[in-house]
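The values are calculated or read from the model by the stated rules, or taken from the named source; none is laboratory data. Note that the structure is a prediction, hence the values are computed from the model and not measured. Every residue, glycine among them, receives a Cβ derived from its backbone with ideal geometry; neighbour counts consider all protein chains shown. Remember, those area values only see protein heavy atoms, side chains included, never the ligands or the DNA or RNA. Shrake-Rupley method; radii C 1.70, N 1.55, O 1.52, S 1.80 Å.
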Amino acid sequence: MHLTLRASGSSGWLPASILAMATAVVLAIYGTPIAQIGVFAVYVVLGLALPGLLWVRLLRGRSAHIAEDVALGLAVGYSLEIAAYLPARAVGAPLLVAVWPIATIITFAALPRLRRHWHGRGERAPAWWSWSLAAMLGYLLLYAAGTFFAQHHLTGTDTPYVDMPFHLALIAELRHHIPPDVPYVTGVPLAYHWFFYAHAAAASWVTGIEPVTLLYRLAGLPMFATFVVLTASAAHRLTRGWWSGPLAVAIALFGAVAGPFGWIADSVPDTQILRSTWISPTNLFGLALFSAVIVVFLDLLRSEAATPRRRWVLAVVLLFGVAGAKATELPLLMLGLLVVLVGFAIGRRQLHRNAAIGFVLVSIAFGLATVLLFRGASLGLSIGLGAAQSFPVTLSVGARTAAGITELGVPIVGLGVAVALWSFLWAGAFGILLRWRVALVDPTVLMLVGICAAALGAVSVLLYPGLSQYYFLQGAAGAFGLMATAGVAAVVAHLPEGTRRGPTLAATIVAIVVGILVVVVIEGVGRASAPHLGTTRLADVLLSMILPVAALLVNGLVAFVVARFASRRSTLLAGTVPLLVVALVMGFSVPRALAIVRVPFGAGTYADDIVPGDGIVVARWLRDHSDPADLVATNLHCRPIVKTPAVCDPRHFWVAAYTEHHLLVEGWAYTNDAQLTAARLGLGPTVITPFWNPPLLAANDRAFGEPSAATVALLRDSYGVRWLFADLTKADPVALGAAAYLRYRLGDFAVYLLR
């Protein structure tokens, strides 16, 4: 690796350095200690990216652009870190995770035949490519600061999004237990994609940084960089043009479906990830690793000669990581490779050997993950029109009731609306049809088409409690950006020889602006409030859903006719019809994208819950003065719901998160039993479900509500409870003190040791 940093405008090191300094400043402003920022940066560079880069160059047999090598090395570093941490934690020596990067660096420095991998000889990217990616990463930093950082505090009372204590509890679980269980309800195996939490746990052990600081500030930042750089690198591979990288990243990050309905902004699910990446770190981790898998498979699928085994080793390492990073990714890749096999069988009447090998490896990885990580849990999965019935546009018109589908036509029309809006957003992909004979036998294009089709199919027919099927789309954000960019590149390549860039670019910009105006006008003249099935005829409801989308379709057709007519009479526009129509149709989505981009500079917020500062202090006291194997009971189970205070929302996780202990029963959401209960009761996307073991919950709560030697002894002797974590506003502190030893109290929270 070249260690000479040329700090000039033509070097990629300058924008990277400026971005790094800006990141440190923003993190410090939002309460992150400077020392911890530095320690984490050193860990990422020396503990993940550098050793990973060395292995990448060895297994690929070459170096690429330095940004790609570093990003791909970071992805490999994540995978190898997790592979090393699991046995280290299992034998009770988590710091042994540091052995692999140290051994890698020493080995590659000591052995002469490996030293060449320290020197990169890959191609250089244009300066504007580096600056554009740095600018987008800089925006992501501002977005995080203006929304997530502002509402998630590192000290004192916290106001997190409801799922953040859940993620924190799982990091705590992976800090102390392998294999992991659900920490907030005892005896339940963790059936989940938990590799992000293993990474955060390993980083916490090595750096000494609190898990909450890693989760709320640090861990996600290098994952964003990995996703952005590798998506741009993959676009360059597909199109051979550097310009395609920033375009693919922009579509992946900012793409949002058009909003032609005046009564609802987000009408159907899409790949928009800005609002979910910080509150779903597993999705961000999956995006980073999946982008690395795509880059590696682009190389493998385009390789005509026999592929060296070491490249397959690289693929296996990354497949291991992505298998436990996000459950939605491997099924998409399986379908993508299957499309390659079918396309080659039809187009060339032959078997694509590397696609077949890849399909087998991915299938094995998915099978092992299903058994070992997800433990065969279905998590309340159902198949059918219930998925389209859960789209925001169909819910807004009252398509779902407690009895199920009110009118069959509504979800069917909702699915049609979704297909049309998806077509507008990724209209660039239709450019591939201009060269369909080539595309049919291009394995990389076929893989992307398969991944994207699988994501759209999954979100259309699969329904999970909590709408988790949306992550099939969000996890494929990079693939959609690549597919749309590949189509745009095909359209550009289709332009006639001698086409003048200036007029063509100006006409393209005009087409985008026209698309923006069209959707703004349609939204403005349409209904301002949703037509509801309870008060409006079915035909009128369906018409209100169809008309705005039909108007967009008509405008697209009119644009095609006008562009064809104009191009016949203007030599400047000759051959630009496909480009102009694609630009106009994709322009329909720009207003929604701009609305999302403006969020951090307005009233964007994730605040959803309150974790009391006194409770955090007491929980950490218990963590620091007890054994991680001790079982804790608490009388905190439900998040308050202002509108329906009598209903228990069991998404209560912060006691397990900050004590880093197993709880007899705290909350019970997001477990397989809770998801199956929700599906059985027909609760659909909600997560508010009753606890499946009422006697256990009753015994737990009697120890706090009716404390006595007998009720407390039952928890100790029958369930193995050693500590009580009490909210004293819901307990009798005098009686508790008589039945157990008071060890620590602050405000309304106290810890008791059982006699």
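Say whether the condition of being farther than 24 Å from residue 454 by Cβ and in a helix (DSSP H, G or I) is met by at least one residue in the range 246-266.
First pass over the range 246-266, keeping only residues farther than 24 Å from residue 454 by Cβ: 246, 259-265.
Filter once more, so that each one left must be in a helix (DSSP H, G or I): 246.
Checked the range 246-266: at least one residue is farther than 24 Å from residue 454 by Cβ and in a helix (DSSP H, G or I).
With the requirement that a residue be among the hydrophobic types (A, V, I, L, M, F, W, C) and within 44 Å of the chain's Cα centre (by Cα), what does the range 714-735 give you?
Restricting attention to the range 714-735, the residues satisfying the condition of being among the hydrophobic types (A, V, I, L, M, F, W, C) are 714-715, 721, 723-726, 728, 731, 734-735.
Result: 714, 715, 721, 723, 724, 725, 726, 728, 731.
Among the residues of the range 101-123, which ones are open to solvent by 20 Å² or more (accessible area, probe 1.4 Å), at pLDDT below 95 and in a helix (DSSP H, G or I)?
112, 113, 115, 116, 118
Please work out if residue 190 is without any contact (Cβ under 8 Å) to a residue 24 or more places away in the chain and within 20 Å of the chain's Cα centre (by Cα). Give the steps one after another, and end with the answer.
Working: without any contact (Cβ under 8 Å) to a residue 24 or more places away in the chain: yes; within 20 Å of the chain's Cα centre (by Cα): yes.
So residue 190 fits the description; yes.
Name the residue that is surrounded by the most Cβ atoms within 10 Å (Cβ to Cβ), counting only residues in the range 283-338 that are closer than 24 Å to residue 65 by Cβ and acidic (Asp, Glu).
299
Quick one: would you say residue 705 is at positive phi, surrounded by fewer than 18 Cβ atoms within 10 Å (Cβ to Cβ) and in contact (Cβ under 8 Å) with a residue 12 or more places away in the chain?
no
Among the residues that make up the range 74-86, is at least one of them touching a Gly at 6+ places or on another chain (Cβ under 7 Å), open to solvent by less than 30 Å² (accessible area, probe 1.4 Å), polar (S, T, N, Q) and under 19 Å from residue 204 (Cβ atoms)?
yes
Consider only pairs whose beta carbons are under 7 Å apart and that are at least six residues apart or on different chains; among these, list those whose first residue lies in the range 124-137 and is in contact (Cβ under 8 Å) with a residue 12 or more places away in the chain and assigned to a helix (DSSP H, G or I) and whose second residue is surrounded by 18 or more Cβ atoms within 10 Å (Cβ to Cβ) and of a type in the set (Val, Ile, Thr).
As it stands, the answer is 133/228; 133/229; 133/249; 136/228; 136/249; 137/228, since those pairs meet every condition given.
Out of the range 211-250, which residues are basic (Lys, Arg) and either buried (at least 24 other Cβ atoms within 10 Å of the Cβ) or more than 19 Å from residue 130 (Cβ to Cβ) (or both)? Let's see the steps before the verdict.
At the first step, the residues of the range 211-250 found to be basic (Lys, Arg) are 217, 237, 240.
Selection gives 217 alone.
Taking the conditions exactly as written (open to solvent by 60 Å² or more (accessible area, probe 1.4 Å) and not small (Gly, Ala, Ser)), does residue 520 satisfy them or not?
Working: open to solvent by 60 Å² or more (accessible area, probe 1.4 Å): yes; not small (Gly, Ala, Ser): yes.
For residue 520, the condition - open to solvent by 60 Å² or more (accessible area, probe 1.4 Å) and not small (Gly, Ala, Ser) - is met.
How many of the residues in the range 50-66 are part of a helix (DSSP H, G or I), of a type outside the set (Val, Ile, Thr) and open to solvent by less than 30 Å² (accessible area, probe 1.4 Å)? Let's see the steps before the verdict.
The initial filter retains those residues of the range 50-66 that are part of a helix (DSSP H, G or I), namely 50-60, 66.
Add one more test, that the residue is of a type outside the set (Val, Ile, Thr), and what stays is 50-55, 57-60.
Imposing the further condition that a residue be open to solvent by less than 30 Å² (accessible area, probe 1.4 Å) reduces the set to 50-54, 57, 59-60.
Total satisfying the criteria: 8.
Picking from 357, 364, 346, which residue would you name as being over 19 Å from residue 196 (Cα atoms), touching a residue at least 60 places away in the same chain (Cβ under 8 Å) and open to solvent by 10 Å² or more (accessible area, probe 1.4 Å)? Can you show your working first?
On the way: 357 fails: touching a residue at least 60 places away in the same chain (Cβ under 8 Å); 364 fails: touching a residue at least 60 places away in the same chain (Cβ under 8 Å).
Going through 357, 364, 346 in turn, the sole match is 346.
Could you tell me whether residue 716 is open to solvent by 20 Å² or more (accessible area, probe 1.4 Å), assigned to a helix (DSSP H, G or I), touching a strand residue (DSSP E or B) at 6+ places or on another chain (Cβ under 6 Å) and more than 30 Å from residue 370 (Cα to Cα)? Quick ask: steps written out before the conclusion?
Numbers: open to solvent by 20 Å² or more (accessible area, probe 1.4 Å): yes; assigned to a helix (DSSP H, G or I): yes; touching a strand residue (DSSP E or B) at 6+ places or on another chain (Cβ under 6 Å): yes; more than 30 Å from residue 370 (Cα to Cα): yes.
Spelling it out, residue 716 is indeed open to solvent by 20 Å² or more (accessible area, probe 1.4 Å), assigned to a helix (DSSP H, G or I), touching a strand residue (DSSP E or B) at 6+ places or on another chain (Cβ under 6 Å) and more than 30 Å from residue 370 (Cα to Cα).
Identify all residues within the range 416-437 that are under 20 Å from residue 248 (Cβ atoms) and surrounded by fewer than 20 Cβ atoms within 10 Å (Cβ to Cβ); write none if there are none.
Result: 423, 430, 433, 434, 435.
Which of the residues spanning the range 29-44 are in a helix (DSSP H, G or I) and surrounded by 13 or more Cβ atoms within 10 Å (Cβ to Cβ)?
At the first step, the residues of the range 29-44 found to be in a helix (DSSP H, G or I) are 29, 34-44.
Result: 36, 37, 39, 40, 41, 43, 44.
Which one is modelled with the lowest pLDDT, of the residues in the range 603-628 that are under 21 Å from residue 280 (Cα atoms), in contact with a strand residue (DSSP E or B) (Cβ under 9 Å, 6 or more places away or on another chain) and of a type in the set (A, V, I, L, M, F, W, C)?
Per the stated criteria, the residue is 610.
Among the residues of the range 251-274, which ones are under 21 Å from the mean Cα position of the chain (by Cα) and either at pLDDT below 90 or open to solvent by 30 Å² or more (accessible area, probe 1.4 Å) (or both)?
Filtering the range 251-274 for residues under 21 Å from the mean Cα position of the chain (by Cα) gives 251-257, 266-274.
Across the range 251-274, the qualifying residues are 254, 266.
From the list 489, 539, 506, 530, exactly one residue is in a helix (DSSP H, G or I) and surrounded by 15 or more Cβ atoms within 10 Å (Cβ to Cβ). Which is it?
Working: 539 fails: surrounded by 15 or more Cβ atoms within 10 Å (Cβ to Cβ); 506 fails: surrounded by 15 or more Cβ atoms within 10 Å (Cβ to Cβ); 530 fails: in a helix (DSSP H, G or I).
Of 489, 539, 506, 530, the one residue that is in a helix (DSSP H, G or I) and surrounded by 15 or more Cβ atoms within 10 Å (Cβ to Cβ) is 489.
Given the structure, is residue 495 assigned to a helix (DSSP H, G or I), closer than 30 Å to residue 240 by Cα and either open to solvent by 20 Å² or more (accessible area, probe 1.4 Å) or in contact with a strand residue (DSSP E or B) (Cβ under 6 Å, 6 or more places away or on another chain) (or both)?
Values: assigned to a helix (DSSP H, G or I): no; closer than 30 Å to residue 240 by Cα: yes; either open to solvent by 20 Å² or more (accessible area, probe 1.4 Å) or in contact with a strand residue (DSSP E or B) (Cβ under 6 Å, 6 or more places away or on another chain) (or both): yes.
Here the answer is no, as residue 495 does not meet what is asked.
Would you mind stating whether residue 23 is in a helix (DSSP H, G or I), open to solvent by less than 50 Å² (accessible area, probe 1.4 Å), out of contact with any Pro (no Cβ under 9 Å at 6 or more places or on another chain) and modelled with pLDDT of 95 or more? Give the derivation first.
Working: in a helix (DSSP H, G or I): yes; open to solvent by less than 50 Å² (accessible area, probe 1.4 Å): yes; out of contact with any Pro (no Cβ under 9 Å at 6 or more places or on another chain): yes; modelled with pLDDT of 95 or more: yes.
Answer is yes for this residue.
Kindly evaluate residue 501 against the criterion of being more than 30 Å from residue 409 (Cα to Cα) and of a type in the set (Lys, Arg). Reasoning before the result, please.
Working: more than 30 Å from residue 409 (Cα to Cα): yes; of a type in the set (Lys, Arg): yes.
Yes.
Test residue 724 against the criterion of being in a helix (DSSP H, G or I), among the hydrophobic types (A, V, I, L, M, F, W, C) and open to solvent by less than 30 Å² (accessible area, probe 1.4 Å), and give yes or no.
Numbers: in a helix (DSSP H, G or I): no; among the hydrophobic types (A, V, I, L, M, F, W, C): yes; open to solvent by less than 30 Å² (accessible area, probe 1.4 Å): yes.
No.
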